[in-house]
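Reading through the structure tokens given below for one structure.
The values are calculated or read from the model by the stated rules, or taken from the named source; none is laboratory data. Given the structure is predicted, the values throughout are model-derived calculations rather than measurements. Cβ placement follows ideal geometry from the backbone for every residue including glycine, while neighbour counts extend to all protein chains displayed.
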Amino acid sequence: MRQGSGDMGEQGDESDGLFSMGDLAAAASPSDAADGRRFHDEPRARRLLDVTEIYAEPAAADSLRGRQIIARFPEARLIETDSHWRIPHLHGNEGNVERWVRVKRETLVLGERKSFGIRPNGRSADWIAPGLSNGCAMACAYCYVPRRKGFANPITVFTNVERVLGSLGRHIAGVGRKEEPNQCDSHAWVYDIGENGDCSVDDLISDNTADLIRAFRRWPTAKASFATKFVNPDLLRLDPQGRTRIRFSVMPPEDSRLLDIRTSPVPDRLAAAADFLDAGYEVHFNLSPVVIRPGWEQSWADLLRAMDDVLPQRVKDQAAAEIILLTHNEDLHQVNLGWHPRAEDVLWRQDIQQPKRSENGSWNVRYRNATKAQAVDTLSRLIEEQAPWLRVRYAF
């Protein structure tokens, strides 16, 4: 690997003077560097990530963030790659399906993000931000991210964080203040910063998530948002000052044990909600994905009743939810058959599913229109009965 920062100067200029890597380093709290017991050193974090090999683009490895990540995993073998998207022994190796979880635990990819466009959304958020990761160390059987990555889906970390922050800063300045409230937020423009990964897990690897949360403290007209299935206590120290919305994804525990592989148990996610609210986050919930299988209605009723019992009033007073029904994909179905076929007993239901073309042009399967509408009506009724305080922002 080359030594030095290479094109760091160009990236700093392109950030329009808003942030530089020096700014990001200075913004880190002293505890980030001096605390002798960071969460990523604890046994449960090591079980999730025990990195033994790092594939890295040369520029990513040479960057300040890349060097920080490599230093965090000193025993890992460093392997140069031309592209984080095209690694034949990783993404193109069909045999990796049998090592699906092991690859997630042991392999990390470092790259530079090449595109910085910000897309309108209007459902979960007003805008989809360019993310700083792709892939996840968890192994949810329904995850849409692996559909483009072949036979392995470890985390890819993008190291040119200052360029992402620069694009966000320019976009936020350009759109100005939100003049009218919408279902995303009453006052702030909401930016989803974790579309293709889990920011809570990403924080075990680098300060990318921390940099994003700190950046949004400076933008009074905007708010960051990300969904997670992993409770990371380190995030409680970042002081988001109400400018970051964390969305805990929940489903009935029996579904989670089958489908949410390597995630925090659902009761732990609910138990963490008050801590995150008290630490300065806005706390919402994703009822996601809703999987239609025998007995699903009673299971969701039980979960909603548990939420009503467990969550303190201060969480309920500000909470809102998204209802997201399962979307599946034939390629992912085939991958799952190679490592977790039991999941497909409930995910692959051609008797009640229909093809649907996604925004990127690929073909997925969704529940048939009538089935989906009935399920949304059923879940809405259960919310009204069991957790009437839970405002539903949208159903998809």
ask   = Which is within 24 Å of A188 (Cβ to Cβ) and in contact (Cβ under 8 Å) with a residue 60 or more places away in the chain, of R237, R243, R262?
value = R237
ask   = Do any residues in segment 267-290 that are on the phi > 0 side of the Ramachandran plot and at pLDDT 95 or above have Cβ atoms under 7 Å from those of residues that are part of a helix (DSSP H, G or I) and surrounded by 21 or more Cβ atoms within 10 Å (Cβ to Cβ), where the two are at least six apart or on different chains, and which pairs are they?
value = none
request  = Six or more apart or on different chains, Cβ under 8 Å: which pairs go from a residue in segment 385-396 that's closer than 23 Å to G122 by Cα to one that's among the aromatic types (F, W, Y) and not in a loop (DSSP other than H, G, I, E, B)? Could you list them?
outcome  = L390/F285
request  = Within segment 172-195, work out how many residues are buried (at least 19 other Cβ atoms within 10 Å of the Cβ) and either at pLDDT below 95 or not β-branched (V, I, T) (or both).
outcome  = 8
task = Output the residues belonging to segment 371-396 that are surrounded by 13 or more Cβ atoms within 10 Å (Cβ to Cβ), assigned to a loop (DSSP other than H, G, I, E, B) and either modelled with pLDDT of 95 or more or touching a Phe, Trp or Tyr at 6+ places or on another chain (Cβ under 7 Å) (or both).
result = A387, W389, L390
request  = Could you list, in sequence order, all residues of segment 78-98 that are outside any loop (DSSP other than H, G, I, E, B) and over 16 Å from C136 (Cβ atoms)?
outcome  = L78, I79, E80, E94, G95, V97, E98
ask   = Of all the residues that make up segment 197-223, how many are under 12 Å from the mean Cα position of the chain (by Cα) and either assigned to a loop (DSSP other than H, G, I, E, B) or not β-branched (V, I, T) (or both)?
value = 6
ask   = Does segment 256-292 hold any residues that are assigned to a strand (DSSP E or B) and either over 15 Å from the mean Cα position of the chain (by Cα) or among the hydrophobic types (A, V, I, L, M, F, W, C) (or both), and which are they?
value = I261, E282, V283, F285, L287, V290
query = From the set of residues in segment 68-77 that are under 23 Å from the mean Cα position of the chain (by Cα) and part of a helix (DSSP H, G or I), which is farthest from A137 (Cα to Cα)?
reply = Q68
ask   = Could we say that N208 is modelled with pLDDT of 95 or more and crowded, with 21+ Cβ neighbours inside 10 Å here?
value = yes
task = Could you tell me whether W348 is among the aromatic types (F, W, Y) and free of Cβ contacts under 8 Å to residues at least 60 places away in the same chain?
result = yes
message = Being over 22 Å from W300 (Cβ atoms) and among the basic types (K, R) is the filter here; which residues of segment 312-337 pass it?
response = R314
inquiry  = Anything in segment 175-231 that is basic (K, R) and over 25 Å from L49 (Cβ atoms)? List them, or say none.
reply    = R177, K178, R217, R218, K223
query = Quick one: which strands (runs of 3 or more DSSP E) sit completely within segment 304-370 and have at least 1 residues that are crowded, with 18+ Cβ neighbours inside 10 Å and aliphatic (A, V, I, L, M)?
reply = 320-325, 363-367
request  = Considering only residues that are part of a strand (DSSP E or B) and out of contact with any His (no Cβ under 9 Å at 6 or more places or on another chain), look in segment 228-254 and name the one that is surrounded by the fewest Cβ atoms within 10 Å (Cβ to Cβ).
outcome  = S249
task = Test L325 against the stated conditions and say whether it is more than 23 Å from A139 (Cβ to Cβ) and of a type in the set (A, V, I, L, M, F, W, C).
result = no
key: Among the candidates L132, L168, residue that is buried (at least 22 other Cβ atoms within 10 Å of the Cβ), without any contact (Cβ under 8 Å) to a residue 60 or more places away in the chain and over 30 Å from E344 (Cβ atoms)   = L168
